[in-house]
Each structure stands twice: as C-alpha cells, then as structure tokens.
Amino acid sequence: MGLELYLDLLSQPCRAVFIFAKKNGIPFQLRTVQLLKGQNCSKEFLQINSLQRVPVLKDGDFILTESSAILIYLSCKYQVADHWYPSDLQTRSQIQEYLGWHAYNIRSIFGVTLWVRVLAPLIGIQVPEEKVNRNRTYMDHALQQLESKFLGDKPFLVGQQVSLADLMLLEELIQPVAVGYDVFVGRPRLAAWRGRIEAFLDTELWQEAHGPIFNILEQMAKKTLPVPPPETQKNMLFRISKIP
Amino acid sequence: MGLELYLDLLSQPCRAVYIFAKKNGIPFQLRTVELLKGQHLSDAFVQVNPLKKVPALKDGDFILTESVAILLYLTHKYKVPEHWYPQDLQTRARVDEYLAWQHTTLRRNCLRALWHKVMLPNFLGEQVSPKTLEDTVAELDVTLQLLEDKFLQNKDFIVGPHISLADLVAITELMHPMGAGCQVFQSRPKLAAWRQRIEAAVGKDLFQEAHEVILKVKNTPPADPTIKQKLMPGVLAMIQ
C-alpha cells in the first residue's frame, strides 16, 4: 500500500496538505474522513488516529498526525523543490518561527467564524455576540502582527518564494473568507500576497481544494449539509463552549 | 558578538532552550529578561522581539523567536548529538509531530495551571473561581493522559530509546504545574520514571539549576500596582 492521506477538505490544515501533495505530484490515496458525519469517531478511524483528528498520513505502517509534521515529512521524503522547506538554516528557522507563532495566534482563531456562521447553527446553537466580537478583535490583532512582523514587504512569508508556511497561513485565512468574513478587505499587502499564491497554484487545483468550503454557505441555505450524529454533536457542543 | 539568548527561567520554553544550550556546551551570553518586572515590554527588548516574548535568540544580526525554532536552529548550527533530532526521516517526523501537538495542548494547560493556581491569586491579587480552577486542573489531567498514552507509551523517551527535543520541551512544561503545587507525577509512575530518565540524561545539577525559579515561584511577593497594570493585558491574553 502506498501513501494514504486522511483528509476532510473543510479543514484548513487538511487543505494545506492536499494542495501541497497535489502541487508536488506526490501520488496518494485520498481517504476522505467527513467530520460532519462523525467519521473521525468511527472505530476504523480510531485505529488510525486515537486523537480523532485529521489530517493523518499513513505510509505503509507509519502513521503521522499534525499538519506541519506531515508537510515536513512529505517535503523530505519526496524531495520537493527547496523553496517549500528551504535547506538554508536561517530561512528554515524562519519557517519554524512562523509555525510556532501560527499555532497560537492563527490556528485557534481563524476557524471560529465557520463555527459561528455554519457549524453552531447547524446544531441549533447561537454563539454569543460578545464572543464573536472578541474573536474579531483577536483576528485583527493577529493580522496586524502578521503584516508587521512576518510578511513585511516580502512577497512571501520567508522571502522570494512560496513555502509551506504560506500554505498553512493561507488556508486558515480562507476559512472566514469562505463564510463571508473577508479578512483581506482593507489589507492590500495581504491581498497581494494571497494573489501571488493563487497565481502559483493552478486554478483547477485551487477549485478542487476549496470546492467544499466555498460551497458551504449555499449548502446550509439549501439544507443539504449532513446532520451530525449525536456523538458528533456532543463533541461540537464542547468545541463551541471552548470559544473564548 | 557571539550567540545571545534572551531568557527568563520562569518561562517553560526558556528552560528548554537553556538546558539544551548548556547540556550541549553551546557558548552563549545569557540576557535575562525578567518577565515579572515587565522587562519584556521595555523599549530595549521590543527592538529584539517586537512580539514581546521570550525566548529570543540573537546570532550576529540574525534574530529568532519561538522556542521550537530556536531549538532546531541550535541543533543544526552546533551539530549536537543526533538523538536530539534524529536523522531518520520517520523518527524525526515523530519529534516534529510532538512539537506541533504540544503548543495548544500541554503548553497551554500547564501555563493555565500555574497562573490560575498560583500567579493570578498570589502575584497579581486576582481571585480565580473554584470552578475555573477545577476545569483547568481537569483539562491538564486529560492532556497528561494523552502525553502518556499517545506519545510516551511504553518507550523510554517520546520517540524511542534516546532523549530528543520532544522530551525536553515536554518535561519543562510539566515542571510548571509542579511549581504550582500540582502533583503531576504522583499518580503517574510512567511519567515519573520518564522524568528520572530525562534528569539523568541532561544531568541532575543542570536540571535543578534550570528549575530553581519555578519550584520557588509560590513565594513570589505580590506585584505592586504599577507592575500589575503593566502586565495584566499580556497575562490575560496568554492564558486565554
């Protein structure tokens, strides 16, 4: 059995892994794990990842979780172009620096809008306005730091070419955009950066990766989103209660 | 100017960087940034790290923040023994996996345990509700179980028979709730034995030296009002 990737393209880190593998021509079997259907809690999937999370990579007997670890593993194993994870020590360190910051300041913050506008209403919950506003403040603050400290005047986060850090970031920022909160409005530098990455990826790949997330509002309006099973709803309630 | 490390041993990632550099004989100038005095907010330090956080590394003109990035930089630049960040692709990926996982789990929960239990009430004079404290301790428990079941399992160290960056980053976290008086190791013999192995691997004296501050943190006198006002916004954001 070759490389298998367990993904749900509604998830930001899953899309980063998907785009990375496709763009670099890495052959893999896509194993779709539909989070809304609770497939991450199935017995089969628990064998793969007891943490019930995607993305997961399976390469023969080797199972790896955590998107950044997966991207680095793929970069090294398939010897992709150097710009993704540069061998130059200082540049590579800057990618790690970004990823460390990203874990606190981006990852846990930019997914909230999807919960507010789609996932919570899907199970009949409304996230309090106060939390929504607080989340916007966090996003604004993070975007400011992002522009001033990490992107600056460079074309990409760590210099002249796209790296796996850009991909991780872009997918997080797409999440609120897809549900109608455009974080790029009024941020021309960031918008130009997004344009550069989009131009680098093929249109077809871009559409394939983002189809599910860009359609999610329409699906909600048409009531064609799956109704999460009770166990999944319980997990969702817990997740919603954790929104600061 | 050689390598400079901006640290406060009160901070868990700073301790990891400190132990790593010392253990591997990496020469550096220690630049102490006293967090409880608000030195990380000073103009001088903002020049080094505009994000106002420690640890920070300065190597000539090159400035690097974020502990994981710093540890990896030192690993590559100083050619330390391979076990810290193994060459083997899959073993290395295991280290990366742990380092990515810990940010919003163990790191967050250990930090909250310390601040909710000790630093907010004792140092900042802010009462924490029993319910909040209970939740914090319960979440920490869940995370410790994951550390044991998913990452350490029955191995000597997180990625196998030798100590790696993952162990160092994990143990320095666990000493945070220890400093707060949580008995992290008491009912967890596997984690307790693992701690002994880490102490033996890095050297007991160095381990003790690095943890002196945190193990005495309960005796920190209350902050004066000016300092409290200065620190409060950062503290609240940090333990969110």
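The values are calculated or read from the model by the stated rules, or taken from the named source; none is laboratory data. Model, not experiment: these values are computed from the prediction. Counting neighbours? That spans all protein chains shown, and the Cβs are built from the backbone with ideal geometry, glycine included. Side chains are part of the model used for accessible areas, which takes the heavy atoms of the whole protein and leaves out ligands, DNA and RNA. Shrake-Rupley method; radii C 1.70, N 1.55, O 1.52, S 1.80 Å.
Summary of computed values
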quantity	calculated
Residues of region B:21-47 satisfying the condition of being touching a helix residue (DSSP H, G or I) at 6+ places or on another chain (Cβ under 6 Å), closer than 27 Å to residue B:100 by Cβ and not aliphatic (A, V, I, L, M)	B:22, B:23, B:28
Sole residue being under 29 Å from residue A:54 (Cβ atoms) and either at pLDDT 95 or above or among the charged types (D, E, K, R) (or both), chosen from B:92, B:15	B:92
Residues that are within 17 Å of residue B:231 (Cα to Cα), open to solvent by 70 Å² or more (accessible area, probe 1.4 Å) and not acidic (Asp, Glu), drawn from region B:22-43	B:37
Top-ranked residue in region A:123-160 [being in contact (Cβ under 8 Å) with a residue 60 or more places away in the chain and buried (at least 20 other Cβ atoms within 10 Å of the Cβ); ranked as farthest from the other protein chains (Cβ to nearest Cβ)]	A:157
Out of B:104, B:91, B:75, sole residue that is farther than 23 Å from residue A:89 by Cβ, within 14 Å of another protein chain (Cβ to nearest Cβ), of a type outside the set (Lys, Arg) and open to solvent by 10 Å² or more (accessible area, probe 1.4 Å)	B:104
Residue within region B:49-59 that is at the interface with chain A (Cβ under 10 Å from one of its Cβ atoms), over 28 Å from residue B:178 (Cα atoms) and surrounded by 15 or more Cβ atoms within 10 Å (Cβ to Cβ) present	yes
Test: residue A:16 is within 23 Å of residue B:75 (Cα to Cα), hydrophobic (A, V, I, L, M, F, W, C) and outside the structural domain of residue A:159 (by the TED database)	no
Close pairs (9 angstrom Cβ cut-off, 6 or more residues apart or separate chains): under 28 Å from residue A:155 (Cα atoms) in region A:199-224, of a type in the set (Phe, Trp, Tyr) anywhere	A:205/A:18; A:207/A:214; A:208/A:18; A:209/A:18
Residue tally, condition open to solvent by 10 Å² or more (accessible area, probe 1.4 Å) and in contact with a helix residue (DSSP H, G or I) (Cβ under 7 Å, 6 or more places away or on another chain), over region A:161-177	2
Residue that is nearest to the other protein chains (Cβ to nearest Cβ), among those in region A:51-94 that are charged (D, E, K, R) and at negative phi	A:77
Which numbered condition residue A:93 fails, given (1) free of Cβ contacts under 8 Å to residues at least 12 places away in the same chain; (2) of a type outside the set (A, V, I, L, M, F, W, C); (3) buried (at least 16 other Cβ atoms within 10 Å of the Cβ); (4) not assigned by the TED database to the domain that holds residue A:146	(4)
Strands (runs of 3 or more DSSP E) within region B:1-95 that include 2 or more residues under 22 Å from residue A:149 (Cα atoms)	B:3-7, B:56-59, B:62-65
Sole residue being out of contact with any Asp or Glu (no Cβ under 8 Å at 6 or more places or on another chain), closer than 23 Å to residue A:152 by Cα and without any contact (Cβ under 8 Å) to a residue 60 or more places away in the chain, chosen from A:81, A:103	A:103
Any hit, region A:205-223, residues being over 18 Å from the mean Cα position of the chain (by Cα) and surrounded by 12 or more Cβ atoms within 10 Å (Cβ to Cβ)	yes
Some residue of region A:16-38 being within 14 Å of another protein chain (Cβ to nearest Cβ), out of contact with any strand residue (DSSP E or B) (no Cβ under 8 Å at 6 or more places or on another chain) and on the phi > 0 side of the Ramachandran plot	no
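Rundown of residues vs (1) farther than 26 Å from residue B:104 by Cα; (2) of a type in the set (D, E, K, R); (3) buried (at least 19 other Cβ atoms within 10 Å of the Cβ), yes/no style:
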site	(1), (2), (3)
A:18	no, no, yes
A:30	yes, no, no
A:40	no, no, yes
A:47	no, no, no
A:50	no, no, no
A:54	no, no, yes
A:58	no, yes, yes
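Okay, residues lined up against (1) aromatic (Phe, Trp, Tyr); (2) more than 19 Å from residue A:100 (Cβ to Cβ); (3) out of contact with any Leu (no Cβ under 6 Å at 6 or more places or on another chain):
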residue: B:7; (1), (2), (3): no, no, yes
residue: B:36; (1), (2), (3): no, yes, yes
residue: B:56; (1), (2), (3): no, no, yes
residue: B:59; (1), (2), (3): no, no, no
residue: B:93; (1), (2), (3): no, no, no
